[in-house]
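The values are calculated or read from the model by the stated rules, or taken from the named source; none is laboratory data. Quick caveat: nothing in here was measured; it's all calculated off a predicted structure. Cβ sites come from the backbone with ideal geometry, for glycine too, and all protein chains shown count toward neighbours. Ligands, DNA and RNA are excluded from the accessible area calculation, which covers all protein heavy atoms including side chains. Shrake-Rupley method; radii C 1.70, N 1.55, O 1.52, S 1.80 Å.
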Amino acid sequence: MLRCMKQREFGKTGLRVSVLGLGAGQVGAESLDDREAGRLLNRALDLGVTLIDTARGYGLSEERVGRHLAGRRDEFVLSTKGGYGVEGVEDWTPGAIRHGIERALRTMRTDRIDLFHLHSCPLGTLRREDLLAELDRAREAGLIRVAAYSGENEALAWVAESGRFGSVETSVNVADQWSLHHVLPEAAARGLGVIAKRPIANAAWQFTERPVGQYAEVYWERLRALRLDPGGLEWDEFALRFSAFAPGVSSAIVGTARVENLERNAAIVERGPLPADLLAQIGAAWTEHGGEWGGEV
Ligand SMILES: NC(=O)c1ccc[n+]([C@@H]2O[C@H](COP(=O)([O-])OP(=O)(O)OC[C@H]3O[C@@H](n4cnc5c(N)ncnc54)[C@H](OP(=O)(O)O)[C@@H]3O)[C@@H](O)[C@H]2O)c1
């Protein structure tokens, strides 16, 4: 059993997380066999992955994390998201946060959530004192350890400066560097933990035709404009070594439903940051084309 994956401090939260985390969005798909989901989740922990990221909105994901990992709860940092999706309760109200946390605890068969993110709500919602106070109460009651936000752009920038959150989750990849340049320096200076989501740009390089209407479409377009050359590396390695070692990033949560890709990603992060010439190329391409590109939720 390989358990040597590099771990990092998660800001000033007192938690530590592996450089590669597991984005458990794909684990929630009904098309994924439940035994296979269990194999993937357990394999992640066996490989030394100590951050699992899920959400209320990821289909069967929270349920499967509970079913397959409840017995190993002390081995990982559990991240989820909410603010919505509680039966009989209006979204983005204190009740949606409180009952959402209680519901997530039951679903995931645990007595604590390490990171609870407000899931991509706009700035106006984020600033509401009634919602922030409810997060504080959940933290004081020990139901959640860190109040967090998952999102982009001006809302994310406000969160980093607000002093009300302990960590953030944001898009960081070769085709999405807004947060990297505009928020992560401030977040790091203030001791926030930072999770890089969409860290391999949804593997957009794999599409020969524009993936119309798919999540990867914007990144596919950006990659065409950036004209990056991964040198002698495979694209997944090029993309992941960039995001996992980007300044300020604590953990890069690649999403996958496949054990082979999980194992491949674990091997990739062992190779460390990209060489300086590739980083310089990515930086120059971003400067030329990326100035107007915001973060993609
Ligand atoms: N608003 C939000 O809060 C938000 C938004 C987006 C994402 N997230 C979080 O971030 C996680 C990751 O984001 P994401 O899944 O959108 O993007 P991503 O991690 O950049 O890309 C995931 C895609 O890459 C493929 N893949 C994984 N490893 C690969 C490899 N070595 N080679 C080739 N393809 C590979 C996966 O397919 P296979 O399944 O076939 O491996 C999947 O289609 C999500 O699971 C979720 O936890 C949060």
Which residues among the stretch 180-211 fall inside the zone where the amide N is under 18 Å from a point 7 Å beyond the Cα of R112, along Cα→Cβ? 193
Rounded, prolate or oblate: which fits the stretch 1-112 when a ≥ b ≥ c are the square roots of the eigenvalues of the alpha-carbon gyration tensor, with rounded for a/c under 1.5 and prolate only if a/b beats b/c? oblate
Determine the calculated [θ] at 222 nm for the chain from helices alone, applying -39500 (n - 2.57) to every DSSP H run no shorter than 4 residues and normalising by the residue count; nearest 500 deg cm²/dmol. -11500 deg cm²/dmol
Heavy atoms only, probe 1.4 angstrom, no DNA, RNA or ligands counted: give me H181, H119, H289 ranked by accessible area, highest first. H181, H289, H119
In the chain, which longest range has no GluC sites (Glu not before Pro) that are both DSSP loop (not H, G, I, E or B) and surrounded by at most 10 other Cβ atoms within 10 Å? 91-208
Accessible surface of the stretch 15-289 [probe 1.4 Å, protein heavy atoms]: carbon and sulfur percent: 47 percent
Let's test the formula: R0 of 35 Å, r as the Cβ-Cβ distance of R224 and Q7. What FRET efficiency results, to the nearest 0.05? 0.45
Provide the gained length on full extension for the span A70 to E209, in nm with one decimal, where the gain is 0.36 nm per separating residue minus the Cα-Cα distance. 45.9 nm
Among the chymotrypsin sites (Phe, Trp or Tyr not before Pro) within the stretch 155-235, which fall in a DSSP loop and have no more than 16 other Cβ atoms within 10 Å of their own Cβ? F207, Y215
Using DSSP to define loop residues, name the trypsin sites (Lys or Arg not before Pro) in the stretch 202-297 whose beta-carbon has at most 16 other beta-carbon atoms within 10 Å. R227, R258, R271
By how many degrees, 0 to 90 and rounded to 10, does the Cα axis of helix 259-269 deviate from the longest principal axis of the chain? 70 degrees
With every protein chain kept in place and a 1.4 Å probe, the stretch 95-228 has an accessible area per residue in Å² of 41 Å²
Just V146, V49, V218 to compare: in a GNM of the chain, with alpha carbon springs under 10 Å, which one fluctuates most? V218
Say each of D136 and D91 gets a label point 7 Å from the Cα, pointing the same way as Cα to Cβ; how far apart are those two points in nm? 2.7 nm
